[in-house]
Every structure is written in structure tokens, then in C-alpha cells.
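The values are calculated or read from the model by the stated rules, or taken from the named source; none is laboratory data. Note that the structure is predicted; figures quoted are calculated from it, not measured. We place every Cβ from the backbone using ideal geometry, glycine too, and count neighbours over all the protein chains shown. Just so you know, the surface numbers come from the protein's heavy atoms only, side chains and all, with ligands and any DNA or RNA stripped out. Shrake-Rupley method; radii C 1.70, N 1.55, O 1.52, S 1.80 Å.
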Amino acid sequence: PAGGIWKSTDAGLTWNTTTDNLPQIGVSGIAIDPNNSNIIYIATGDDDANDSYSVGVMKSTDGGSTWNNAGNISATSMNDIYVDPNNSNTLWVATNQGVYKSTNAGTSWVLKLSGNIRDLKMKPGDTSTWYAATSNTVYKSFNAGESFNAVSIPGFTNSTRIALAVTEADPNYVYFISAGNVTVGGQTKSNYFNGLYKSVNSGSSFTKS
């Protein structure tokens, strides 16, 4: 959250960083181009506790030796960032301003979903299907993140934080866990366990587990 990105070239025995001189060294997301491992993107800033603030997406084309700012995103925090495995020019990043998408390798970005996005996941093996979450709403995209629709979840209330999960074991499964303001023993507790939800139809509907 406040220490930069570190790299090992000896299977994790030693580590080095080249980000100490960046304007901000918090990192909450790392994406490596699957077609060229020398191209690395980092989503800057601490998404959990705001210990450090975002200065946008940074990009390296030399395996992390040097970094440059990628694009025009104005957000104070970021988290998940992805490179399309089928088209290295296409990227997605989740920020506190929304989900941004780039189709030119990070030169410019377009806002596709507004809101404080706390989590972003791709359906395994399917870059056309995406799931996003704010603190209290789950969204789904059928068109590679060009647009998102909120998923209606009957009985789901009081949420203050959502975390999403997908699995390659069955790409149709989507899970999320919610924390929220919950009454326990007559007392309202904040950030308390608010439920685990599961979808078996690629996020079209969820049931509480």
C-alpha cells in the first residue's frame, strides 16, 4: 500500500525495487502483458486505507527498470488492473471514480462505469464478461466492459464493503462477501459480516449461502 512494486529474478530469494523515485509509491494492482512480460502496468495508491494516493496508472516497457505515467485518469485510489490476454492494447482498471478502459495500451482511458469501484473481476477465459462492485452494489458487463448493469439481489441490504471472487474451476461461478452495518444482540455493529453470496450463472443472479 505504500512501498512500491518489487521484483525478484531468483525465484524470490532477493527482491529489488525501482519505484522509490515515483511521485507516489503505493501500489494496489499489477498487470503484466501476457504477450510481452517486459510490459508492466501498476495501479497506484492504497485502495484499502488511503495510506497513499493514486497518481494514475504507471507503465514500464523494460521489465520494471523505468516507469512512465500512462493516460489521463484522475482518481485518488485504484485497485485491480487487467491486460486483455487476446489484445495487449486493451486494459481495464478499477478506481474510486469508476471503471476505466483503454484500447491503446494506456495512452488514454474512457470511463465506463461511475462510482467508487472496490473490486473488478473478469470471468475466467471470457474477456467479454466482467463483474464490478461498489460498497453496496454488484455490476455485470456483457460487452467487454463497454457498459455495466447493476445486478438485482433480493434481500441484499446494509452493505458497506464487497469483495468479489471467481474461479477457473467453473467460470460460471461468482462469489462475493459483504461487510455491513448489522444488528447483533440488539447492538448495531459496523463492518460486520453481512453475508456470502453465490452465483452459478455468471453473475446474472445471486443467492445467499
Non-local amide H neighbours of Gly26 (under 5 Å, H modeled in plane, Pro and chain starts lacking H): which ones? Gly4, Gly45
For the chain, the spread of Cα positions along each principal axis, largest first, Å: 53, 36, 35
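How far, in nm, would the chain grow between Asn201 and Thr107 when pulled straight, counting 0.36 nm per residue and subtracting the alpha carbon separation? Don't jump to the answer; show the numbers that get you there.
Numbers: separation 94, 0.36 × 94 = 33.84 nm, distance 3.48 nm.
This chain segment gains 30.4 nm when fully extended.
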For the range 177-187, in order, what is each residue's ³J(HN,Hα) by Karplus, 6.51 cos²θ - 1.76 cosθ + 1.60 with θ = phi - 60°, in whole Hz (x at glycine and Pro)? 10, 10, 10, x, 8, 10, 8, 10, x, x, 10
With x for Gly and Pro, the residue-by-residue ³J(HN,Hα) of the range 67-77, computed from phi through the Karplus equation 6.51 cos²θ - 1.76 cosθ + 1.60 at θ = phi - 60° and given in whole Hz, is 9, 9, 5, 10, x, 10, 8, 10, 9, 9, 8
Cross-link table Lys123/Lys189; Lys59/Lys121; Lys7/Lys198, entries beyond 31 Å C-alpha to C-alpha: Lys123/Lys189; Lys7/Lys198
Need one value: the accessible area of Asp33 in square angstrom, 1.4 angstrom probe, rounded to the nearest 10. 10
Roll a 1.4 Å probe over the protein chains and send me the accessible area per residue for the chain in Å². 48
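Considering only protein heavy atoms and a 1.4 Å probe, what is the carbon-and-sulfur percentage of the accessible area of the chain?
Reported share for carbon and sulfur atoms: 47 percent.
Report the full-extension gain for the segment Ser135 to Asn149: residue separation times 0.36 nm, less the Cα-Cα distance, to one decimal in nm.
3.5 nm
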Taking only the alpha-carbon positions of the range 76-164 and ignoring solvent, what does the Debye formula give for the base-10 log of I(q)/I(0) at q = 0.17, 0.19, 0.20 Å⁻¹? -0.65, -0.80, -0.88
Please work out, to two decimal places, the log10 of the ratio I(q)/I(0) at q = 0.13, 0.18, 0.19, 0.21 Å⁻¹ from a Debye calculation in which every Cα of the range 1-86 carries one identical scatterer. -0.38, -0.74, -0.82, -0.98
Long-range HN-HN contacts of Asp119 with modeled amide H, under 5 Å: Ala133
Dipole-positive endmost among Thr127, Tyr192, Gly3 within the chain (Cβ charges, Cα centre): Tyr192
With every protein chain in place, the accessible area of Ser152 for a 1.4 Å probe, in Å² rounded to the nearest 10, comes to 100
